[in-house]
Amino acid sequence: MKSVVKVSKTVDEAIDIALEELGANKEDVHVEILEEPSRGLFGLLGVKDAAVKVTVVNDPVQKAENFLNKILISMNVKGNAQIKKEGKSLLVEIVNISSSDMGIVIGKRGNTLDAIQYLLSLVVNKDRDDYIKVIIDVKGYRERREETLIRLANKMANKAKYNHRPVKLEPMNPYERRIIHSALQNVDGIITYSEGEDPYRRVVIQAK
């Protein structure tokens, strides 16, 4: 477990400095007060700062790494996870992976990758009060998929305008449907909506 000792004028200031260095939230650490701050005679002599030891006891990065490694081993996939926490998000990148193993991890239209991300989110957020958003990617797949969906959205919007008939896309997960809606929300003469029930819910593109 990672821990640091910090000294400052107050206990709270020392804790804040430690949390910033550790990149942790207060609910994920154990705080041990080593020294209480004190002031000498008339507040002028014998000034003593506060000292605290802060230890990470619930590290979402470590939890994610341990769980993901187990998943990859169970899938017989060779790869490593690079994980970093940015604010309320956990960014996970699978690296050092072969093309064939990458296909296994991604699955059809990213279904396997989405399932892994969902399970990882459950593990990371178990017994937490503050929700951490988990985003998992492999060799830039999500960015490439987003670009593909945006091109598809614009192509089908033009088709809907030309034929004056609604265009129904293939079923997509909520994340991909949001990309389609967002790509076309400011396109003149086009409206989008979703229909059906998951996992068969799809976007419909229609000319006004």
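General observations
- Considering only residues in the stretch 162-176 that are modelled with pLDDT under 95 and surrounded by 18 or more Cβ atoms within 10 Å (Cβ to Cβ), the one that is nearest to Y141 (Cα to Cα) turns out to be E176.
For every residue, the table says whether it meets (1) at pLDDT 85 or above; (2) within 30 Å of I135 (Cβ to Cβ).
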{"site": "M1", "(1), (2)": "no, yes"}
{"site": "I17", "(1), (2)": "yes, yes"}
{"site": "H30", "(1), (2)": "yes, yes"}
{"site": "L34", "(1), (2)": "yes, no"}
{"site": "G46", "(1), (2)": "no, no"}
{"site": "Q82", "(1), (2)": "yes, yes"}
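- Breaking point among (1) at pLDDT 90 or above; (2) among the polar types (S, T, N, Q); (3) assigned by TED's automatic domain parsing to the domain that holds N66, for T148: (3)
- Remark: pairs (first residue in the stretch 156-177, among the charged types (D, E, K, R); second residue assigned to a strand (DSSP E or B) and surrounded by 14 or more Cβ atoms within 10 Å (Cβ to Cβ); Cβ separation under 6 Å; 6+ apart in sequence or on different chains) = K159/V167; K161/A207; K168/R202; K168/V204; R177/S194; R177/V203.
- The stretch 78-95: number of residues that are among the acidic types (D, E) and over 10 Å from the mean Cα position of the chain (by Cα): 1
- Those residues of the stretch 137-157 which are among the aliphatic types (A, V, I, L, M), in contact with a helix residue (DSSP H, G or I) (Cβ under 6 Å, 6 or more places away or on another chain) and part of a helix (DSSP H, G or I), in sequence order: L149, I150, A153, A157
- When K63, K84, K26, K88 are checked against the criterion of being farther than 30 Å from K139 by Cβ and of a type in the set (D, E, K, R), a single residue qualifies: K26.
- Residue list for the stretch 86-104, restricted to those being in contact with a Phe, Trp or Tyr (Cβ under 9 Å, 6 or more places away or on another chain) and either acidic (D, E) or surrounded by 13 or more Cβ atoms within 10 Å (Cβ to Cβ) (or both): M102
- Criterion (modelled with pLDDT of 90 or more and in a helix (DSSP H, G or I)) met by exactly one of K53, K63: K63
- For the residues V77, V56, the requirement of being buried (at least 16 other Cβ atoms within 10 Å of the Cβ) and in contact with a Leu (Cβ under 8 Å, 6 or more places away or on another chain) singles out V56.
- Inter-residue pairs, beta-carbon under 6 Å, first aromatic (F, W, Y) and in the stretch 1-17, second loosely packed, with under 15 Cβ neighbours inside 10 Å and assigned to a strand (DSSP E or B), 6+ apart: none
- Meets criteria (in contact with a Gly (Cβ under 9 Å, 6 or more places away or on another chain), over 30 Å from N173 (Cβ atoms) and without any contact (Cβ under 8 Å) to a residue 40 or more places away in the chain) for V61: no
- Scanning the stretch 83-130 for residues that are among the charged types (D, E, K, R) and in a helix (DSSP H, G or I) yields D101, K108, R109, D114.
The values are calculated or read from the model by the stated rules, or taken from the named source; none is laboratory data. Remember, it's a predicted structure, so these values are computed and weren't measured experimentally. For neighbour counting, all protein chains shown are included, and Cβ atoms are generated from backbone atoms with ideal geometry for every residue, glycine included.
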